[in-house]
Amino acid sequence: MRIYIGNDHTGVIMKNSIMFHLQNRGLKVINLGTDTTDPVDYPDIGQNIALKVAADEKSFGIAICGSGIGISIAANKVKGIRAALCYEEKAAELARMHNDANIIALGARFIAIEKAISIVDKFLEIDFEKDRHTKRVIKLNKI
């Protein structure tokens, strides 16, 4: 499994902390974000992550901006992407189980780094439940 992670200038510390954690777990993490606090545009980062995830079926994405809102909107513009903004572990769990989310979005200004790591861990450990949710995800993909 590959994980594409990207961030704007507000999420450098969060991105680096999550990357370090995931790499220590032996996961392959590809950095698509900025490494400085010089302003960059979150739509560009969100789109880049989404294009990579859409082209790499067995991958996931982590998108970080100040609120998580803008970068998730950008990612969701790409066909085949289901980006979920999550502030809690339960939201990450449901995003995977019910929506087969393939990108998680995080708000660097609103989530403590330790909590963000636990949210990402939950997102990556949960599988899509399929069954009754499959037809709904198919509908999402058709929009």
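The values are calculated or read from the model by the stated rules, or taken from the named source; none is laboratory data. Keep in mind it's a predicted model, so treat the numbers as computed, not measured. Glycine also receives a Cβ, built like all others from the backbone with ideal geometry; neighbour counts cover every protein chain displayed.
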Looking at ILE73 and the list (1) at pLDDT below 95; (2) under 22 Å from GLY11 (Cα atoms), which single condition is not satisfied? (1)
Could you say whether any residue in segment 81-88 is part of a helix (DSSP H, G or I) and touching a Phe, Trp or Tyr at 6+ places or on another chain (Cβ under 8 Å)? no
Some residue of segment 118-128 being in a helix (DSSP H, G or I), among the β-branched types (Val, Ile, Thr) and within 13 Å of the chain's Cα centre (by Cα): yes
Please enumerate the residues belonging to segment 49-73 that are assigned to a helix (DSSP H, G or I), under 14 Å from ILE5 (Cα atoms) and touching a strand residue (DSSP E or B) at 6+ places or on another chain (Cβ under 7 Å). ILE49, ALA50, LYS52, VAL53, ILE71, SER72
Do any residues in segment 30-48 that are within 13 Å of ILE5 (Cα to Cα) have Cβ atoms under 8 Å from those of residues that are assigned to a strand (DSSP E or B) and charged (D, E, K, R), where the two are at least six apart or on different chains, and which pairs are they? ILE30/ARG2
What's the number of the only condition in (1) under 22 Å from THR10 (Cα atoms); (2) surrounded by fewer than 15 Cβ atoms within 10 Å (Cβ to Cβ); (3) β-branched (Val, Ile, Thr) that ILE138 fails to meet? (1)
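Please state which one of THR34, THR10 is buried (at least 17 other Cβ atoms within 10 Å of the Cβ), part of a loop (DSSP other than H, G, I, E, B) and of a type outside the set (A, V, I, L, M, F, W, C).
Answer to the selection: THR34.
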Of the conditions (1) at negative phi; (2) in contact with a His (Cβ under 9 Å, 6 or more places away or on another chain), LYS77 fails just one. Which one is it? (2)
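Matching residues to (1) more than 26 Å from LYS139 (Cβ to Cβ); (2) surrounded by fewer than 19 Cβ atoms within 10 Å (Cβ to Cβ); (3) touching a residue at least 60 places away in the same chain (Cβ under 8 Å):
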residue	(1), (2), (3)
SER17	yes, yes, yes
ILE71	no, no, yes
ALA75	no, no, no
TYR87	no, yes, no
LYS90	no, yes, no
LEU94	no, yes, no
ALA116	yes, no, yes
